[in-house]
Structure formats: structure tokens, C-alpha cells
Amino acid sequence: MGKIDLNQLINESYSLYRDVSLGTLPNYIPELANANPNHFAISVTTLDGKTLSVGESDHKFTIQSISKPFVFSLALDTHGMEKVRARVDVEPTGDPFHSVIRLDAESKRPYNPLVNTGAIAMTDLIEAQTSKIREEKLLYFLETFAGRPLKINEKIYHSEQSTGHRNRAIAYLMLHFKMIGPNLDETLDLYFKQCSIDVNTKDLSVMASTFANNGINPITKKKAMKAEFVKHVLTIMFTCGLYTDAGEWAFDVGFPAKSGVSGGILGVIPGVMGIGIYSPLLDSHGNSIRARKVCEHLSKKLGLHIFDQSNLCS
Ligand code: GLU
């Protein structure tokens, strides 16, 4: 990426896609439908600790499913690979994120930690004496990635909690298969909270850059997770990070990422930088249309596809 001016490139991406107004606002969590469809922001944080942004990069939105790779990381960091793999598989499903059908009753494991079944199983692994301490552990872990204190958006949390019956059904079905422990009401509550953490695109880019820097926050220099697990988390993001569009994403864009239903995309360029983008209008897979387009543009311009070897030949 040597000769390209990153600041110029993100400004160019912003201008290119600012007027794209396709897509719909999510409404299955009622409070999310109140998002402003014009909001659009791009941030990148490079490993020398610099963050560049364009658009409403201070605007807060809830992290939603982008929390899932972090909670998977927390599970690995706390319990190690063996215990975590006993609770979750690492296979893409091709099904919607909240599908209840993909539960492997035989192995007693959900398919992967980025669909709701697997994500709830990972939240279940945040263990502590009280629900308050479980919540603190969760927040502290994400805060080390972000390098600043984070808060739960109470409005979204209550909206999600009062309408999350499908997630309750999933959790009870998993209890039936003994895939999660009996404390599931508390675990579900914590899952709703983890999805309701407020972030902006600057936060997402710093969090992504911490993955890109092998688990060390490049700004605070604090270790957020054990380096040995970073490649596993990035692999899951590469194969399962973009809902039912994950295959096409890996094919076209080609770097590990995770999207969320509120319109965020977090992208990781290992050894180079973290990307955070927000725009709430979604495509039929549930991915932000503008954010996806920006990632595709950045990937092409900077040669970010992890299998792109054209730079090696020139
Ligand atoms: N809180 C959401 C749910 O489980 C997460 C949705 C998402 O971002 O994919 O329904």
C-alpha cells in the first residue's frame, strides 16, 4: 500500500458512496429502526497508532454482532482452545445468523461462534460469581481493545431484551441439548447487553487494529488477548463474518471482517491496520450496503485481498 495516501483514499470512498441510498433499516429490534439513514462514517487505525476518519465518526451505534468475535476471543483467552472447541465448532453454516436449525445434536455444539447459537454458548462461558461481575469482565475485555471505557446503551438493551424471543428459543433448545448451562436467563441477558454496547467507527477501527497487531492495542500498547488465538479468531471472521454473504465477501473483498445488524463493519488487515465503518442501511443479508462497498473499494485500491499476490510480481 506504499504509495497511496490513506486519508485521500477514505475521503474518496466516502464521496463515492455517500449518495447510495439503497437498503433498509433493521426493525426486528424496534429501537434500531430509529437510526438516521444518512449517517455514514469511515475510520482506519494503522499500527503506528494513528486514526484517520471521515463522516460522522463520533456518532455512536450499538456493536451488535460485531461483539461476537470479541466474546469468542474472551472465551479462548480465559479457557483455552480445548474447552472452547468442546463448546463450539468452527464450520460456516450458510444459514441466517439467528437460525435455530443448525445445531449439531450429535456433537452437542453449535456450528460456529458468529451465529447466535454459538455466540450465546460463548457468552455462557463468561463465568463469575455474580451477573454484575460477568458484565464487568465482558466490558473490560472489549475496553482493552478499544482503549477507552465503553457503555451499554440502555434503550437498545431494553428494546432487544423485550423482543428477543427468538434468542430465548435458541437458548432453551441449546439447554435441551446440553450445549449451555442452566444459568441461561442470566446468559441471555448478558448476550443482549453485549450486543447493546455503544461504539463509534473510531472505536471499531482501534478494536480492529488490536486484532491486526496480534492482540496488542497499538495506541495504549496494552495486551488485549493472547497472541496465539488471534489467527483463529480472524479465520472465523474470514469464513463466517458477513452472515449469508460470507462466501462472496471472502471471494470479492478477501480480508477478515465482522458486520452487525445496526450497520457497522469491522475489518482487519493483519500487520497493517484496522477498519471501522458505519452506515445503517442494510442489504438482504443484513450487511451495511455503504460499508460493504467501501471495503470492496479499499480492498481493490490497496490490494488487501489476503490471496492477492499481484504486488509480489510487479
Ligand atoms: N442482537 C442481535 C441478535 O442477536 C445481534 C444481531 C446482529 O447484529 O447480527 O438478534
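Read-outs: derived from the displayed coordinates by stated rules, not from any lab. Just so we're clear, the structure is a prediction, and the values are computed from it rather than from any experiment. Cβ placement follows ideal geometry from the backbone for every residue including glycine, while neighbour counts extend to all protein chains displayed.
Values computed for the structure shown
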read-out	value
For the stretch 66-195: relative contact order, % (alpha-carbon pairs under 8 angstrom, 6 or more apart)	27 percent
Rg(Cα) / (2.2 N^0.38 Å) computed for the stretch 66-195, rounded to two decimals	0.99
Highest-first arrangement of 175-184, 216-225, 267-276, where packing means the average Cβ count within 10 Å	267-276, 216-225, 175-184
Overall form of the stretch 1-150 per C-alpha gyration tensor (a/c, 1.5; a/b vs b/c)	prolate
Neighbourhood charge, 15 Å Cβ-Cβ cut-off, centred on Lys293 and excluding it, Lys, Arg +1 and Asp, Glu -1	-2
Stretchable slack from Lys108 to Lys83, in nm (0.36 nm times residue separation minus alpha-carbon distance)	7.7 nm
Folded to 0 to 90 degrees: helix 289-302 orientation relative to the chain principal axis, Cα	50 degrees
Theoretical gain in end-to-end length, Asp5 to Lys60 [0.36 nm per residue, Cα-Cα removed]	17.1 nm
Rough spin-label spacing in nm, given labels placed 7 Å along Cα→Cβ, for Asp19 and Asp198	3.4 nm
Local electrostatic count, Ala121, Cβ distance below 9 Å [Lys/Arg +1, Asp/Glu -1]	+1
For the chain, calculated [θ]222 nm from helices alone, where every DSSP H run of n ≥ 4 adds -39500 (n - 2.57)	-13500 deg cm²/dmol
With Cα atoms, 0 to 90° folded angle of helix 165-176 axis to the chain main axis	50 degrees
Using a Förster distance of 30 Å, the FRET efficiency for Asp308-Asn27 (Cβ separation, nearest 0.05)	0.20
Size of the chain as Cα extents on the principal axes (Å, biggest first)	55, 40, 35
